[in-house]
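A.B. asks: Encoded as structure tokens, here's the structure I'll be asking about.
The values are calculated or read from the model by the stated rules, or taken from the named source; none is laboratory data. Everything quoted here is computed from the prediction, not taken from an experiment. With ideal geometry, Cβ positions are generated from the backbone for all residues, glycine too; neighbour counts draw on all protein chains shown. Areas reflect the complete protein model, heavy atoms only, side chains present, ligands, DNA and RNA absent. Shrake-Rupley method; radii C 1.70, N 1.55, O 1.52, S 1.80 Å.
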Amino acid sequence: MALARGYAATDASKPLQPFTFERREPREDDVVISIKYSGICHSDIHQARNEWGNSMFPMVPGHEIAGIVTAVGDKVTKFKVGDRVGVGCFVDSCTTCASRDLDLEHYMPGLVVTYNGMEADGKTPAQGGYSDHIVVKEGYVLSIPEHLPFEATAPLLCAGITLYSPLRKWGAGPGKKVAILGMGGLGHMGVKLGHAMGADVTVLSQSLSKKEDGLKLGADHYYATSDAETFKTLAGTFDLILCTVSAEIDWNAYLGLLKVDGTLVLLGVPEKPVPVHAFSLIPGRRSIAGSMIGSIKETQEMLDFCGEHNIVSEIELIRMDQVNEAYERVIKSDVRYRFVIDMATL
Ligand code: NAP
Ligand code: ZN
């Protein structure tokens, strides 16, 4: 066992604080990673504050991890000491069913999440990326393209793949009109990725305050959802709407923006059930769907795509001791567009 230092939530109502815990010794198929940067996802906040009702404390959040390999087990073939690597939202999964072959392992029971769950042994609490190092099976470690600015790649491991996967699944590309609902950590990655795939991208934001940024990042159009006119102007426009909002919104109004056969995909996790009227779906044969991160294979594909297109996240680099302040700012939508913790400041 090796001691790890990090920051943890000790219960749902307390700020995160310094915390020391044990990481396993590397096994033959493990990679030891010195964590250099850790992104702050809104899911970290939901879980640190037990907003999903399943939190286990003490909890070291963080599933947008970028680091350097410092040791590898004897049977590791894909990585060597010094490699730039990433770890996302899960660190193990069921390998006995067909899910792995279908690259859908993240949807199968037996998924081992990076934190707020148990490791594969079923008894060691899994702890995440707000820490100095992590030990991960090589099959769950990703390669980060060498030429991308390292600190800005950390958010690709969750925000990036969470938008990349539904954009690919629902065929975003030339001739497709895609709306990104919410211009936050996930949303701004959707703008960059959708644009790089060749889709016509519209941002639907609460206000026009981030319009200039949105257009610079690749959006073709930008509308404020606080303006009732937006819903008249854009009625029946989109093939795909990716919703990154976790608040209660008028779902029926957004479904009205879809074309015939259009799909609204939920990515954000609202606290309450989503009320949808059948007539918001039936006349346009519209669908409502959900999507969660992506498989390891698809995550590597996304990182390679980002390498080819020079895509990284827009970040604000912070010190570890600024994490609680950063949480408050994320909640107020006051982030341009992802906080990343510089782990050298731990
Ligand atoms: P974020 O940075 O806080 O972005 C969310 C955006 O939603 C905000 O920037 C804001 O955009 C908009 N918004 C906030 N409050 C709103 C309100 N009351 N009404 C309408 N819009 C509002 O969060 P994030 O890290 O992108 O995560 C977003 C959600 O996705 C969270 O619920 C997170 O848990 C979830 N998530 C899901 C997955 C998955 O696999 N499905 C993965 C990661 C995260 P504007 O200022 O532009 O309006
Ligand atoms: Zn996340």
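A.B. asks: Please check: in the Gaussian network model of the chain (C-alpha springs, under 10 Å), which one of G284, G184, G129 has the largest mean-square fluctuation.
C.D. replies: For the chain, modelled as a Gaussian network with Cα springs under 10 Å, the answer is G284.
A.B. asks: Given H placed on each backbone N at 1.01 Å, which residues far from G262 in sequence or on other chains put an amide H within less than 5 Å of it?
C.D. replies: Here S287 satisfy the definition.
A.B. asks: On a full-extension model of 0.36 nm per residue, what is the gain between V260 and H277, subtracting their alpha-carbon distance, rounded to one decimal in nm?
C.D. replies: So the chain would gain 4.5 nm between V260 and H277.
A.B. asks: Okay, next question. What ranking of R23, R285, R319 comes out by heavy-atom accessible area, probe 1.4 Å, highest first?
C.D. replies: Ranked list, largest accessible area first: R285, R319, R23.
A.B. asks: Ignoring everything but the protein chains, give the 1.4 Å probe accessible area of S34 in square angstrom, nearest 10.
C.D. replies: So the heavy atoms of S34 present about 30 Å² to solvent.
A.B. asks: Relative contact order for region 20-129 using alpha-carbon pairs under 8 Å, separation at least 6, rounded to a whole percent?
C.D. replies: 27 percent
A.B. asks: Also: At R319 and T95, where each label point lies 7 Å from the Cα along Cα→Cβ, what is the point-to-point distance in nanometres?
C.D. replies: Modelled inter-label distance: 4.2 nm.
A.B. asks: Looking at the chain, send over the antiparallel percent of its DSSP beta bridges, to the nearest 5.
C.D. replies: Roughly 55 percent of the beta bridges in the chain run antiparallel, per DSSP.
A.B. asks: For region 96-177, run through the trypsin sites (Lys or Arg not before Pro) and keep only the ones in DSSP coil with at most 15 other Cβ atoms within 10 Å of their Cβ.
C.D. replies: Loop-located and lightly packed - K123.
A.B. asks: Further, regarding this structure: Net charge within 15 Å of G198 by Cβ-Cβ distance, Lys/Arg positive one each and Asp/Glu negative one each, not counting G198 itself?
C.D. replies: Summing Lys and Arg as +1 and Asp and Glu as -1 gives 0.
A.B. asks: Then there's this: Is region 255-346 rounded, prolate or oblate when judged by the Cα gyration tensor, a ≥ b ≥ c being the square roots of its eigenvalues, rounded requiring a/c under 1.5 and prolate requiring a/b larger than b/c?
C.D. replies: Judged from the Cα gyration tensor, region 255-346 comes out oblate (a/c at least 1.5, b/c at or above a/b).
A.B. asks: Using amide H atoms built in the peptide plane, which far-off residues or other-chain residues are under 5 Å from T225 H to H?
C.D. replies: S205, Q206, S207
A.B. asks: In sequence order, what are the phi-derived ³J(HN,Hα) couplings for region 59-70 according to the Karplus relation 6.51 cos²θ - 1.76 cosθ + 1.60 with θ = phi - 60°, rounded to whole Hz, with x for glycine and proline?
C.D. replies: 3J(HN,Hα) across region 59-70, in whole Hz: 10, 9, x, x, 9, 10, 10, 10, x, 10, 5, 10.
A.B. asks: Once a ≥ b ≥ c are taken as the square roots of the eigenvalues of the Cα gyration tensor of region 159-290, is the result rounded (a/c under 1.5), prolate (a/b larger than b/c) or oblate (a/b not larger than b/c)?
C.D. replies: rounded
A.B. asks: What whole number of Å gives the distance from the Cα centroid of region 171-195 to the Cα centroid of region 90-158?
C.D. replies: The distance from the Cα centre of region 90-158 to that of region 171-195 comes to 24 Å.
A.B. asks: Okay, moving on. Would you mind telling me the share, in percent, of accessible area of region 159-290 contributed by carbon and sulfur at probe 1.4 angstrom?
C.D. replies: Carbon and sulfur together cover 54 percent of it.
A.B. asks: So, one more: Run the numbers on region 82-231 and let me know its relative contact order in percent, using alpha-carbon pairs under 8 Å that are six or more apart.
C.D. replies: 16 percent
A.B. asks: Counting pairs of alpha carbon atoms under 8 Å apart in space and at least six apart in sequence, what relative contact order in percent does region 190-346 give?
C.D. replies: For region 190-346, the relative contact order is 14 percent.
A.B. asks: To continue, here is another question. For K14, give me every one of the lysines with a C-alpha distance below 26 angstrom, ignoring sequence neighbours fewer than eight places off in its own chain.
C.D. replies: Cross-link targets: K36, K123, K272, K332.
A.B. asks: Here's another thing I want to ask about it. For the chain, what class follows from the C-alpha gyration tensor (a ≥ b ≥ c being the square roots of its eigenvalues): rounded when a/c is under 1.5, otherwise prolate if a/b is larger than b/c, else oblate?
C.D. replies: Cα axes put the chain in the prolate bin.
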